[in-house]
Amino acid sequence: MIPMTAGRLADITGGYLVNIDPDAVVPGPVEFDSRKIAPGSVFLALPGARVNGHDFAAQAIKDGATLALLSRDMGVPAVIIPHVEHVETNATALEYDRDGEGEAALAALSKLAHHTVTELVAHHGLRVIGVTGSAGKTSTKDMIATILRTQGETVAPPGSFNNEIGHPYTALRCTESTRFLVAEMSARGIGHIAHLARIAPPTIGAVLNVGTAHLGEFGSREAIAQAKGELFEALPSADDGGIAILNADDRLVSGMAPRTSARVITFSVKSGEATDNQAADNPSGHDAVIATDVVLDSSARASFTLTMPTGESAPVQLQVYGQHQVANALAAAAVGFAVGMSVDEVATALSHHTAASANRMDVRNRRDGVTIINDSYNANPDSMRAGIAALASTVQAREDAQSWAVLGQMGELGASATDEHYSIGEELGQHQINHVVVVGNGVNQRALAHGAKDSGVDVTHVDDVDAAVDNVWSSVRPDDVVLIKASYSDGLWRVAEGLLSGQDEGNGE
């Protein structure tokens with residue numbers, strides 16, 4: 001956050017001051033968790049399931065906050081922010097907003113973030129990169145941040161902090177010394193990404209893919225594509241530095257090119273050898289970042305040849321797991337190219353990148369040789385298939401090893417949920433997964449189990465996490481590989497914790 005006076009902060013947010021001198025300097029940052037307050041902070045009061053942030057305003061001031069952003073006077077130094085008209089948002093925390101205080105707080109937060117970003121862009125050269133897609137947003141965001149940090153101070157959200165709360169909160173981490181802001185953008189409806197893009201306007205935008213995540217909210221993949229493409233519509237023209245990065249291997253993404261006036265760079269995973277013929281490699285005619293000669297090692301980590309639009313190439317050896325990470329790496333490489341990095345600089349950064357967000361393809365080896373692939377943070381049909389493929393390829397490289405998939409349900413799939421879960425069960429059979437442990441007794445879990453059984457897979461159905469841990473622990477053998485994956489609400493990371501308890505050797509070969 002840019003340091004400013006209390007009076008200026010009130011002007012930006014549209015509120016008025018109480019109990020504080022307008023000339024008092026407010027250094028920031030903004031925090032909505034009172035436990036994270038540091039001297040100079042601004043405390044933002046948000047409603048919660050059991051408590052309201054206003055109840056913690058006094059303690060936040062005692063702990064060092066300069067002032068609070070409040071909807072009502074609590075007798076502490078504060079900006080009293082105005083109520084706003086109801087807007088449709090992707091901020092799930094506002095399900096507890098019964099009187100509009102949450103919406104008012106987010107409106108103030110967004111105004112403050114917008115002011116900070118536009119000032120830093122205009123006067124300090126900040127560049128904003130937006131990333132969206134149905135799958136792989138967080139992994140790609142982390143790769144982009146790794147690449148850009150070699151060029152200067154970079155701010156990126158922790159984990160999946162990508163909605164109307166996390167997006168402006170992250171933007172307010174930028175200071176005068178920040179060169180790059182990497183903004184992960186999510187949506188559960190039309191207009192959400194456009195809204196996020198107005199808060200922190202990007203000049204570079206990458207759309208990774210259009211899958212079936214949140215299909216229940218959107219109704220069709222075409223509607224999802226409409227929402228994701230809002231990022232490209234928000235970019236400035238090519239003459240003003242706008243750069244749109246498209247996945248050429250996804251029909252719905254490549255079809256977004258006419259929706260932007262920015263310069264277009266595509267990325268693609270090519271089969272066969274690289275060529276010197278740009279037209280053959282890239283029939284669209286756009287600049288292209290490509291991967292060729294993709295090979296997986298015994299832990300499903302990909303190596304490939306990275307080729308930039310200039311024709312220059314360099315080898316990359318990823319330290320993250322799964323072939324699907326190649327496309328993510330290419331999107332990140334395209335961002336590196338867009339900011340002027342060489343192919344060698346980008347390839348070196350990618351080859352040193354390790355997983356940065358918890359419970360996302362976090363691969364750990366136990367002392368007894370069992371490998372745990374913890375990808376339990378979230379799940380949709382596309383990421384589930386990618387995880388299953390990574391499991392299968394890891395096991396194939398190990399003599400006499402067996403594969404285990406501990407799976408829960410995928411959320412937010414709407415009317416297609418049962419069919420999608422049954423299809424994932426069939427996918428397990430197609431990849432010849434040896435053992436499947438389905439956790440939970442809902443209709444989705446039952447469909448998943450039936451699909452796997454009908455495909456000839458050994459399936460065990462358990463009630464809860466503890467039963468899943470007991471089942472795998474009692475039967476898993478040295479060199480076996482265990483994938484753990486489900487939507488966040490299922491909490492299956494506790495399976496990983498249970499299986500690693502006392503056995504974890506960390507990330508390794």
| field | Unmet requirement for Leu126, which otherwise passes all of (1) surrounded by fewer than 23 Cβ atoms within 10 Å (Cβ to Cβ); (2) at pLDDT 95 or above; (3) over 21 Å from Asp21 (Cα atoms) | value | (1)
| Does Ala187 satisfy the condition of being closer than 26 Å to Gln325 by Cα and open to solvent by less than 20 Å² (accessible area, probe 1.4 Å)? | yes
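Suppose we filter Gly211, Gly242 for residues that are modelled with pLDDT of 95 or more and either surrounded by 24 or more Cβ atoms within 10 Å (Cβ to Cβ) or under 19 Å from Ala331 (Cα atoms) (or both); which single one remains?
Checking each option against the conditions leaves just Gly242.
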| field | 3 or more residues modelled with pLDDT of 95 or more and touching a Phe, Trp or Tyr at 6+ places or on another chain (Cβ under 7 Å): qualifying helices (runs of 4 or more DSSP H) within the stretch 305-412 | value | 325-338
| note | Note on Ala227: of the conditions (1) more than 20 Å from Ala329 (Cα to Cα); (2) under 17 Å from the mean Cα position of the chain (by Cα); (3) open to solvent by 40 Å² or more (accessible area, probe 1.4 Å), unmet is (3)
| query | For the stretch 294-310, which residues satisfy the criterion of being within 19 Å of Gly340 (Cβ to Cβ) and open to solvent by 40 Å² or more (accessible area, probe 1.4 Å)? | reply | Thr310
| request: Sort out which residues of the stretch 436-455 are out of contact with any strand residue (DSSP E or B) (no Cβ under 7 Å at 6 or more places or on another chain) and among the small types (Gly, Ala, Ser), and write them in order of number. | output: Gly440, Gly442, Ala447, Gly451, Ser455
| said: Looking only at the stretch 123-164, how many residues end up being under 16 Å from Ile243 (Cβ atoms) and not in a loop (DSSP other than H, G, I, E, B)? | reply: 10
| query | Just one of Glu420, Glu426 is part of a helix (DSSP H, G or I), touching a helix residue (DSSP H, G or I) at 6+ places or on another chain (Cβ under 7 Å) and open to solvent by less than 40 Å² (accessible area, probe 1.4 Å); which is it? | reply | Glu420
| field | Close pairs from the stretch 1-29: first farther than 27 Å from Leu126 by Cα, partner part of a helix (DSSP H, G or I) and of a type in the set (A, V, I, L, M, F, W, C), Cβ under 7 Å, at least 6 apart | value | Gly15/Ala108; Tyr16/Ala10; Leu17/Ala6; Leu17/Ala10; Ile20/Ala6; Asp21/Ala6; Pro22/Ala6
| Exclusive hit being farther than 22 Å from Ser342 by Cα and assigned to a loop (DSSP other than H, G, I, E, B), set Ile190, Ile224 | Ile190
| task | Considering every residue within the stretch 486-507, establish whether at least one is more than 25 Å from the chain's Cα centre (by Cα), at pLDDT 95 or above and not in a helix (DSSP H, G or I). | result | no
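The values are calculated or read from the model by the stated rules, or taken from the named source; none is laboratory data. Model, not experiment: these values are computed from the prediction. Please note: Cβ atoms are built from the backbone with ideal geometry, for glycine as well, and neighbour counts cover all protein chains shown. Just so you know, the surface numbers come from the protein's heavy atoms only, side chains and all, with ligands and any DNA or RNA stripped out. Shrake-Rupley method; radii C 1.70, N 1.55, O 1.52, S 1.80 Å.
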